[in-house]
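*Asks:* Encoded as structure tokens, here's the structure I'll be asking about.
The values are calculated or read from the model by the stated rules, or taken from the named source; none is laboratory data. Everything quoted here is computed from the prediction, not taken from an experiment. Cβ placement follows ideal geometry from the backbone for every residue including glycine, while neighbour counts extend to all protein chains displayed.
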Amino acid sequence: MDTLLWTFRDRSFVPHGLLGEADSETNPILIGHGTDAGGEDDVLINLSSAIPEFFSNFERVIEPVDSDPAVRDASRERYRFYRDRGYPLNNQRIA
């Protein structure tokens, strides 16, 4: 993800850094992995097939889904998890 944000477009830059290494005040996007959110609590974009233990610390969780059957099935499981616990859910179709 770090490399993709550096090379997104030749003339654009998405300010970002690695969680635990970059200052969150100057880097609006922090990339992390593991079991610690590092005190962040705004928006979590979950690219894992699992639900992070700390997801409830965040105001919003975004779960991208693609058309791969395995990814879609895992996403549906996570959706049910959030729904069954009463979290408000929204779907956004991106064409």
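*Asks:* Can you tell me how many residues in segment 1-28 are in a strand (DSSP E or B) and either in contact with a helix residue (DSSP H, G or I) (Cβ under 7 Å, 6 or more places away or on another chain) or modelled with pLDDT of 80 or more (or both)?
*Replies:* So the count comes out to 3.
*Asks:* Report, by residue number, each residue of segment 29-44 that is among the β-branched types (Val, Ile, Thr) and assigned to a strand (DSSP E or B).
*Replies:* 29, 31, 43
*Asks:* With the structure loaded, tell me whether residue 29 is β-branched (Val, Ile, Thr), surrounded by fewer than 14 Cβ atoms within 10 Å (Cβ to Cβ) and under 25 Å from residue 90 (Cβ atoms) or whether it fails that test.
*Replies:* Spelling it out, it is not the case that residue 29 is β-branched (Val, Ile, Thr), surrounded by fewer than 14 Cβ atoms within 10 Å (Cβ to Cβ) and under 25 Å from residue 90 (Cβ atoms).
*Asks:* Considering only segment 65-72, I want to know if a residue exists there that is assigned to a loop (DSSP other than H, G, I, E, B), at pLDDT 90 or above, loosely packed, with under 14 Cβ neighbours inside 10 Å and among the polar types (S, T, N, Q).
*Replies:* The answer is no, given that none of the residues of segment 65-72 is assigned to a loop (DSSP other than H, G, I, E, B), at pLDDT 90 or above, loosely packed, with under 14 Cβ neighbours inside 10 Å and among the polar types (S, T, N, Q).
*Asks:* Now for a separate question. Which of the following residues is more than 11 Å from the chain's Cα centre (by Cα) and under 28 Å from residue 20 (Cα atoms): 63, 53, 77?
*Replies:* On the way: 63 fails: more than 11 Å from the chain's Cα centre (by Cα); 77 fails: under 28 Å from residue 20 (Cα atoms).
Every option except 53 fails the conditions.
*Asks:* Does residue 47 satisfy being in a helix (DSSP H, G or I) and aliphatic (A, V, I, L, M)? Give the steps one after another, and end with the answer.
*Replies:* On the way: in a helix (DSSP H, G or I): no; aliphatic (A, V, I, L, M): yes.
For residue 47, the condition - in a helix (DSSP H, G or I) and aliphatic (A, V, I, L, M) - is not met.
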